[in-house]
Amino acid sequence: MRILALNCGSSSIKCALIETATSRRLAEARIEQIGKSKARFHAGEKTRELGESTSFEQAATILLEEMQGAAQGLGAIQAVAHRIVHGGERFIQPTRLDKATLAELDAVSELAPLHNLPALACARAAMSFIPDIEHVAVFDTAFHATLPTRAKQYALPKDVVDRFGIRRFGFHGTSHSHVSHATAAHLLTTPQQLRIVSCHLGNGASVTAIEYGRSVETSMGMTPLEGLVMGTRPGDVDPGVLLELMRSAKMNEAQLNDLLNTRSGLKGLTGTNDMREIETRASQGDEPCRLAITLYSHRVRKYIGAYAAVMGGVDVIAFTGGIGENSALIRHRCTQRLEFLGAVLDEDRNRDAKLSSAQSVAQISDPASRARIVVVRADEELAIAREAAVLLSQRSQPDSLRIPVAVSARHAHLSQATVERLFGEGYQLQVRAPLSQTGQYAAQETVTLIGPRGKLAGVRLMGPPRGHDQIEISRTDEFVLGVDAPVRISGDLNNTPGITLEGPKGTMTIPNGLITARRHIHMSPSDAERFGVQDHDTVEVRIDSQGRDLTFGDVTVRVSPDFTLEMHLDTDEANAAGIERGDKGELEERGEVEGRITRK
Ligand code: AMP
């Protein structure tokens with residue numbers, strides 16, 4: 001798809017016409033320093049002054065004219081993707097823009113006025129300039145929709161939080177998401193296999209802990225003010241300082257806003273927010289610039305350590321953004337003394353790292369370093385265009401994205417040795433009914449589970465026997481038995497609890513293997529291609545049932561040539577979504593509803 005990505009910042013608009021199938025940039029242009037006397041348009045070799053009075057709407061129109069001209073001969077622009085910084089509570093997916101959506105976004109904008117107001121002005125200008133194609137908003141906050149409550153919530157009184165919608169959102173989501181995908185591709189793996197600390201160090205800056213593909217902590221909060229030292233923002237400041245300034249300096253809201261958004265950070269410390277200039281002056285002995293570099297990198301290092309602790313370890317530390325990509329000095333200082341995390345920088349590789357469109361990721365860690373340190377070329381326009389393309393391709397083929405849903409009641413996969421302990425030596429399971437997955441069957445035999453609090457009789461065995469015992473129960477079953485069963489994908493049994501099993505010929509306690517099955521979809525490689533997903537991807541599935549529609553997140557995709565397309569839920573989940581049971585057997589009961597998949 002040929003998508004025009006409009007990336008509107010607080011003082012610039014960058015745009016690129018992108019062929020999303022090949023990730024190729026067909027044309028690009030930008031306008032910088034909007035609203036200032038140095039406002040300037042750039043497109044390839046072309047450049048011209050625009051003057052202070054050029055508004056964001058006018059700047060967007062100039063860029064759209066340029067892009068339409070460039071698109072002639074390349075094929076018409078098929079859609080426009082707009083970067084919108086703040087999506088608030090409601091917008092956590094790319095969303096088609098129309099008048100009603102724009103009005104809802106206006107209401108959210110006071111949370112990030114520096115960015116949202118110009119972006120919405122651009123979106124309106126673009127929608128009237130090219131009205132006949134789809135316009136899609138892609139939100140910086142969306143990637144952080146997975147933040148757990150402990151990371152989202154401030155420790156403020158509940159009534160205040162509820163009344164004013166106070167919570168942490170996180171930003172730079174498109175960039176952090178791009179970092180996790182680009183890094184994983186470079187390491188020939190998937191984001192679901194990695195714990196990444198992603199450092200976006202540009203004029204705005206944030207760090208995100210991406211644990212196996214999901215954002216679980218991020219340094220920006222309700223607004224883009226929290227966290228790292230930035231170009232013109234201070235990042236973390238004791239809120240008491242603001243109270244003190246209100247009291248002693250009699251600062252009002254507008255003055256505090258100006259102080260925190262435009263006069264602090266690197267600029268406040270040194271007089272400039274240009275890290276290149278700060279580095280040059282520091283090398284010439286300028287003390288404020290030296291201090292700024294120390295303060296800046298100390299804060300980043302502090303967050304890297306904290307986020308490694310949040311994830312119980314780190315596999316990759318990634319740098320992106322103008323400073324992250326270009327400043328070997330800052331990367332060196334941010335990764336000093338991280339050997340205890342298994343991260344050792346290779347100074348030569350760090351100094352020589354050069355990114356280009358041909359090489360978008362560079363490894364700068366020592367070959368012996370357990371955790372990798374990488375530099376990733378930010379390509380926000382490509383990331384925005386790709387996210388929009390996913391939404392638009394789903395819309396154009398809704399029927400092909402439907403999947404059958406099956407419900408798994410509690411059941412047990414046992415090893416042959418355990419079968420014999422419970423049913424007698426040499427015992428062979430008897431087939432009761434075949435299951436949809438090739439070669440699998442529900443056995444005639446059942447066992448009783450005995451927990452510290454209660455028992456569950458009639459738990460169906462599955463065949464054929466496996467190498468390890470695995471018992472799958474629901475949350476409700478946990479309460480009956482008085483046990484905790486961690487949510488795991490089948491086969492992932494490390495550190496799981498055991499349970500006592502009772503059969504007709506004996507009782508035994510297995511040391512581990514008790515789980516609540518993670519929601520998952522089985523599919524063949526051709527289905528995976530059709531859905532645009534890969535093995536181990538995490539997706540959302542919307543269940544359209546009558547009266548109890550529900551969207552399930554955290555659904556793991558399992559791909560194998562042996563699999564038949566089917567989503568598996570347990571009984572609790574099925575009940576919550578109002579899925580009616582058929583009468584196809586006790587283990588897997590095919591519902592009459594179907595899910596619709598959304599890639600995350
Ligand atoms: P961004 O907002 O991602 O465009 O990043 C802007 C920041 O990157 C500014 O502070 C620039 O000074 C900084 N930057 C760009 N190139 C370099 C470089 N070669 N060395 C140090 N900082 C740089």
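The values are calculated or read from the model by the stated rules, or taken from the named source; none is laboratory data. Everything numeric here is computed off the predicted structure, so don't read it as measured data. Positions of Cβ are backbone-derived with ideal geometry, glycine not excepted, and every protein chain shown enters the neighbour counts. Just so you know, the surface numbers come from the protein's heavy atoms only, side chains and all, with ligands and any DNA or RNA stripped out. Shrake-Rupley method; radii C 1.70, N 1.55, O 1.52, S 1.80 Å.
Looking at region 199-225, which of its residues are touching a His at 6+ places or on another chain (Cβ under 7 Å) and more than 16 Å from the ligand (Cβ to nearest atom)?
Within region 199-225, Ile210, Ser215, Thr218 meet the criteria.
If you go through region 367-385 one residue at a time, do you hit one that is assigned to a helix (DSSP H, G or I) and closer than 20 Å to Arg195 by Cβ? Spell out the reasoning first.
Applying the first criterion (assigned to a helix (DSSP H, G or I)) to region 367-385 yields 380-385.
Narrowing the set further to residues that are closer than 20 Å to Arg195 by Cβ leaves none.
No, there is no match, as no residue in region 367-385 is assigned to a helix (DSSP H, G or I) and closer than 20 Å to Arg195 by Cβ.
So, of the residues in region 277-298 that are within 15 Å of the ligand (Cβ to nearest atom) and within 34 Å of the chain's Cα centre (by Cα), which turns out to be most open to solvent (accessible area, probe 1.4 Å)?
The extreme case among them is Glu277.
Look through region 178-193, keep the residues that are within 18 Å of His144 (Cβ to Cβ) and within 16 Å of the ligand (Cβ to nearest atom), and return whichever of them is least open to solvent (accessible area, probe 1.4 Å).
Result: Val179.
For region 259-276, how many residues meet the condition of being more than 12 Å from the ligand (Cβ to nearest atom) and modelled with pLDDT of 95 or more?
7
State whether the residues of region 468-490 include one that is in a strand (DSSP E or B) and farther than 20 Å from Glu573 by Cβ. Don't jump to the end; show me each part of the working.
Within region 468-490, the subset in a strand (DSSP E or B) is 470-472, 487-488.
Filter once more, so that each one left must be farther than 20 Å from Glu573 by Cβ: none.
Within region 468-490, none of the residues are in a strand (DSSP E or B) and farther than 20 Å from Glu573 by Cβ.
Identify the residue in region 135-183 that is hydroxyl-bearing (Ser, Thr, Tyr) and touching a Gly at 6+ places or on another chain (Cβ under 8 Å) and, among all such residues, is farthest from Ala383 (Cα to Cα).
Tyr154
Restricting the first residue to region 270-283 and requiring it to be in contact (Cβ under 8 Å) with a residue 12 or more places away in the chain and under 19 Å from His332 (Cβ atoms), which pairs with a second residue that is within 6 Å of the ligand (Cβ to nearest atom) and open to solvent by 60 Å² or more (accessible area, probe 1.4 Å) meet a Cβ separation below 6 Å and a spacing of at least six or different chains?
Final answer for the pair search is none.
With the checklist (1) out of contact with any Gly (no Cβ under 6 Å at 6 or more places or on another chain); (2) modelled with pLDDT under 95 in hand, flag the one item Thr335 doesn't pass.
Thr335 satisfies every listed condition except (2).
Scanning for something out of contact with any helix residue (DSSP H, G or I) (no Cβ under 7 Å at 6 or more places or on another chain), open to solvent by 40 Å² or more (accessible area, probe 1.4 Å) and of a type in the set (Asp, Glu), does region 116-136 turn up at least one residue?
yes
Name the single residue that is modelled with the lowest pLDDT among those in region 577-599 being in contact with a Phe, Trp or Tyr (Cβ under 8 Å, 6 or more places away or on another chain) and in a strand (DSSP E or B).
Arg599
Across region 336-352, what is the number of residues that are open to solvent by 20 Å² or more (accessible area, probe 1.4 Å) and within 16 Å of the ligand (Cβ to nearest atom)?
Within region 336-352, residues that are open to solvent by 20 Å² or more (accessible area, probe 1.4 Å) and within 16 Å of the ligand (Cβ to nearest atom) number 2.
Answer yes if at least one residue in region 243-260 is hydrophobic (A, V, I, L, M, F, W, C), surrounded by 14 or more Cβ atoms within 10 Å (Cβ to Cβ) and within 25 Å of Val197 (Cβ to Cβ), and no otherwise.
Step one: of region 243-260, the residues hydrophobic (A, V, I, L, M, F, W, C) are 243, 245-246, 249, 251, 254, 256, 259-260.
Keeping just the survivors that are surrounded by 14 or more Cβ atoms within 10 Å (Cβ to Cβ) gives 245-246, 251, 256, 259-260.
From what's left, within 25 Å of Val197 (Cβ to Cβ): none.
The answer is no, given that none of the residues of region 243-260 is hydrophobic (A, V, I, L, M, F, W, C), surrounded by 14 or more Cβ atoms within 10 Å (Cβ to Cβ) and within 25 Å of Val197 (Cβ to Cβ).
Can you find even one residue in region 44-51 that is among the basic types (Lys, Arg) and in contact (Cβ under 8 Å) with a residue 60 or more places away in the chain?
Pass one, region 44-51, residues among the basic types (Lys, Arg): 46, 48.
Those left that are additionally in contact (Cβ under 8 Å) with a residue 60 or more places away in the chain: none.
Checked region 44-51: no residue is among the basic types (Lys, Arg) and in contact (Cβ under 8 Å) with a residue 60 or more places away in the chain.
Look through region 354-366, keep the residues that are in contact with a helix residue (DSSP H, G or I) (Cβ under 7 Å, 6 or more places away or on another chain) and assigned to a loop (DSSP other than H, G, I, E, B), and return whichever of them is least open to solvent (accessible area, probe 1.4 Å).
So, considering only residues that are in contact with a helix residue (DSSP H, G or I) (Cβ under 7 Å, 6 or more places away or on another chain) and assigned to a loop (DSSP other than H, G, I, E, B), the one least open to solvent (accessible area, probe 1.4 Å) is Ile364.
Residues in region 85-92: is at least one of a type in the set (Asp, Glu), over 19 Å from Leu392 (Cβ atoms) and without any contact (Cβ under 8 Å) to a residue 60 or more places away in the chain?
So far as region 85-92 goes, no, none of its residues is of a type in the set (Asp, Glu), over 19 Å from Leu392 (Cβ atoms) and without any contact (Cβ under 8 Å) to a residue 60 or more places away in the chain.
With respect to Ala308, is the statement that it is more than 16 Å from the ligand (Cβ to nearest atom) and open to solvent by less than 50 Å² (accessible area, probe 1.4 Å) true?
Yes; evaluated as a whole, the condition is true for this residue.
Quickly run through region 63-81 and pick out the residues that are among the hydrophobic types (A, V, I, L, M, F, W, C) and either part of a strand (DSSP E or B) or touching a Lys or Arg at 6+ places or on another chain (Cβ under 9 Å) (or both).
Leu63, Ala71, Leu74, Ala76, Ile77, Ala79, Val80, Ala81
Could you give me the residue pairs with C-beta distances under 9 Å whose first residue belongs to region 225-249 and is within 23 Å of Thr294 (Cα to Cα) and hydrophobic (A, V, I, L, M, F, W, C), whose second residue is modelled with pLDDT under 95 and part of a helix (DSSP H, G or I) wherever it lies, and which are 6+ apart or on separate chains?
As it stands, the answer is Leu225/Asn261, since those pairs meet every condition given.
Could you identify the single residue in Glu529, Glu502, Glu540 that is touching a Ser or Thr at 6+ places or on another chain (Cβ under 8 Å), farther than 24 Å from Ile92 by Cα and of a type in the set (Asp, Glu)?
Result of the check over Glu529, Glu502, Glu540: Glu502.
Can you run down the residue pairs with Cβ atoms below 6 Å, 6 or more apart or on separate chains, where the first is in region 508-519 and among the small types (Gly, Ala, Ser) and the partner is open to solvent by less than 10 Å² (accessible area, probe 1.4 Å) and in a strand (DSSP E or B)?
Close Cβ pairs satisfying both conditions: Gly513/Gln470; Gly513/Ile471.
Check off (1) over 23 Å from Pro113 (Cα atoms); (2) more than 16 Å from the ligand (Cβ to nearest atom); (3) surrounded by fewer than 24 Cβ atoms within 10 Å (Cβ to Cβ) for Ile196 and give me the number that stays unchecked.
Condition (3) is where Ile196 drops out.
Condition first: part of a strand (DSSP E or B) and touching a residue at least 40 places away in the same chain (Cβ under 8 Å). Now tell me which residues in region 456-467 satisfy that.
First pass over region 456-467, keeping only residues part of a strand (DSSP E or B): 456-463.
Within region 456-467, Leu456, Val459, Arg460, Leu461, Met462 meet the criteria.
Using the structure shown, decide if Met230 is under 22 Å from the mean Cα position of the chain (by Cα) and surrounded by 20 or more Cβ atoms within 10 Å (Cβ to Cβ).
no
Collect the residues in region 238-276 that are more than 21 Å from Glu226 (Cα to Cα) and within 33 Å of the chain's Cα centre (by Cα), keeping them in residue-number order.
Arg276
Being outside any strand (DSSP E or B) and surrounded by fewer than 16 Cβ atoms within 10 Å (Cβ to Cβ) narrows it down to one residue among Ala60, Ala100; which is it? Write out each step before concluding.
On the way: Ala60 fails: surrounded by fewer than 16 Cβ atoms within 10 Å (Cβ to Cβ).
Matching residue, one of Ala60, Ala100: Ala100.
Residues being at pLDDT below 90 and open to solvent by 60 Å² or more (accessible area, probe 1.4 Å): count how many of those fall in region 440-456.
Going through region 440-456, the residues at pLDDT below 90 turn out to be 440-442.
The next check asks that each one be open to solvent by 60 Å² or more (accessible area, probe 1.4 Å); those that pass are none.
The qualifying residues number 0.
Scan region 311-335 residue by residue and report those that are open to solvent by less than 30 Å² (accessible area, probe 1.4 Å), within 12 Å of the ligand (Cβ to nearest atom) and closer than 14 Å to Ser206 by Cα.
Of everything in region 311-335, those that are open to solvent by less than 30 Å² (accessible area, probe 1.4 Å), within 12 Å of the ligand (Cβ to nearest atom) and closer than 14 Å to Ser206 by Cα turn out to be Phe319, Thr320, Gly321, Ile323, Gly324.
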